[in-house]
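Data first, discussion second: the structure below is written as structure tokens.
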Amino acid sequence: MDRHIVTVFGGTGFVGRHIVKRLLERDFIVRVPTRSFERVKKLKPMGYLGQVVPVYCDVRDEESIKDAIGDSEVVINLLGVLYERGSNTFVNVHVKAAKRIAEEAKACGVKTLLHMSALGVDKNPSSNYATSKLAGENAVREAFADAVIFRPSVVFGQNDNFLNKFATLARFSPLLPVIGAPGLPKVDLGEGKIDILGDGGPKFQPVYVGDVADAFVAAISNTKSPGKTYELGGPETYSFMGLLRDMLRITRQSAILVPVPFWLASIKAFFLQFLPVPPLTPDQVRLLKTDNVVSEGSNGFAELGITPNSLEAVAPAYLKRFCPPRKSGEFRRFV
Ligand SMILES: NC(=O)c1ccc[n+]([C@@H]2O[C@H](COP(=O)([O-])OP(=O)(O)OC[C@H]3O[C@@H](n4cnc5c(N)ncnc54)[C@H](OP(=O)(O)O)[C@@H]3O)[C@@H](O)[C@H]2O)c1
């Protein structure tokens, strides 16, 4: 029996690993173009021998992309950067590489192209991340009109770079910054814990990485998907402060949530952007100036027949490692 080949650019990343896993479970042969074979090694045990095929690829070079795509039936592009370093600029990765992949996919006769963008890219002209992602979408559509585009809100799950980052920070710092939240926090010292009441900051609709992966796989066989853009948000909307408050509750940690106005965050980000892996950049601060929620009337999970999981249902399992040990042991509540 012929196995279908799916090429996944960005398959070694956080979202990529989950999409590759889903594809392997569905018996696809998954080709992973990469700059580092070392990173693809981690994907191999998810499939049977030879099911994950690493291919060396330089996304600046058309020939290299063409060789990677070859006889694939489906191409998925998840390439993305959150900050710029050297030649890894927003324009190079989000626009130029995306355009090349879409053009080569078309030239190779690929049936389905799935392209990863981000929620709100059409609403934030001040962020270079957002404008480059939007330009990438346009370039992809121009080269491959039937491409399916996905715009997720902030993605959470095992090894995410959001809840894990703040949960780690809460371990070491008594203060957590809530960028863009207005006003002063109200402190509730009930039960010996410091908690903050009230909401604030930009709004998010966190979406579970497993649901994003399901959406990609569903779009491969959904005859209504070609040419569509799907906005992917979880079942609940949180303010930045509400989200951090929930993370603290789930991990049973304490911290003071400190509203940080945009101007102050921009100054901090200016200095932090020079760190090797910057925790915050001025462009990310600009990105936070608009809410990150699904637009009314957009296509989403429902059109793909998927019911997204809530953060409450998924996050406790992988954030458990941040919980301080209970004095009377983990089974206290059962006895
Ligand atoms: N995570 C989120 O909350 C979120 C939300 C909305 C949209 N998105 C989008 O979803 C996509 C995946 O995000 P992620 O969180 O999985 O990011 P990630 O973990 O940083 O993965 C990014 C992937 O892109 C690859 N890549 C970056 N620059 C490259 C280059 N110049 N040449 C070749 N490969 C390159 C990386 O390859 P290496 O392994 O070789 O570095 C990696 O596989 C991105 O497009 C991102 O913008 C993510």
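Table for the structure above
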read-out: Burial ranking of peptide ranges 158-168, 95-105 (average Cβ count within 10 Å, highest at the top); value: 95-105, 158-168
read-out: Accessible-area order (highest first, 1.4 angstrom probe) of the listed residues PHE274, PHE9; value: PHE274, PHE9
read-out: Cα-Cα over 22 Å, subset of LYS42/LYS106; LYS66/LYS96; LYS42/LYS99; LYS165/LYS268; LYS41/LYS228; value: LYS42/LYS106; LYS42/LYS99; LYS41/LYS228
read-out: Size of segment 5-152 as Cα extents on the principal axes (Å, biggest first); value: 46, 29, 26
read-out: Anisotropy class of segment 242-301 from Cα gyration tensor, a/c 1.5 cut; value: oblate
read-out: Label-point gap, in nm, between ILE267 and SER173 - each point 7 angstrom along Cα→Cβ; value: 1.6
read-out: Carbon plus sulfur fraction of accessible area for segment 5-152, probe 1.4 Å, in percent; value: 52
read-out: Per residue, in Å², the accessible surface of the chain once ligands and nucleic acids are set aside, probe 1.4 Å; value: 49
read-out: The chain: calculated mean residue ellipticity at 222 nm from DSSP helix runs of at least 4, using -39500 (n - 2.57); value: -10000 deg cm²/dmol
read-out: All-pairs alpha carbon distance profile, the chain, 20 Å steps from 0, percent; value: 29, 56, 14, 0
read-out: Mean Cα-pair separation over length for segment 5-152, i.e. relative contact order, pairs under 8 Å, 6 or more apart, %; value: 21
read-out: Per-residue ³J(HN,Hα) for segment 159-167, Karplus 6.51 cos²θ - 1.76 cosθ + 1.60, θ = phi - 60°, Hz, x for Gly and Pro; value: 6, 5, 9, 10, 5, 4, 5, 6, 5
read-out: Packing-based order for 206-214, 45-53, using average beta carbon neighbours within 10 Å, highest first; value: 206-214, 45-53
read-out: Ranked packing of 233-239, 289-295, most packed first, by mean Cβ within 10 Å; value: 233-239, 289-295
read-out: For q = 0.24 Å⁻¹, Debye-computed log10 I/I(0) when each Cα of segment 75-115 counts as one equal scatterer; value: -0.76
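The values are calculated or read from the model by the stated rules, or taken from the named source; none is laboratory data. Just so you know, these numbers come straight off a predicted model, no measurement behind them. Here Cβ is always computed from backbone atoms with ideal geometry, including for glycine, and neighbour counts include all displayed protein chains. Just the protein is used for accessible areas: all its heavy atoms, side chains included, with ligands, DNA and RNA removed. Shrake-Rupley method; radii C 1.70, N 1.55, O 1.52, S 1.80 Å.
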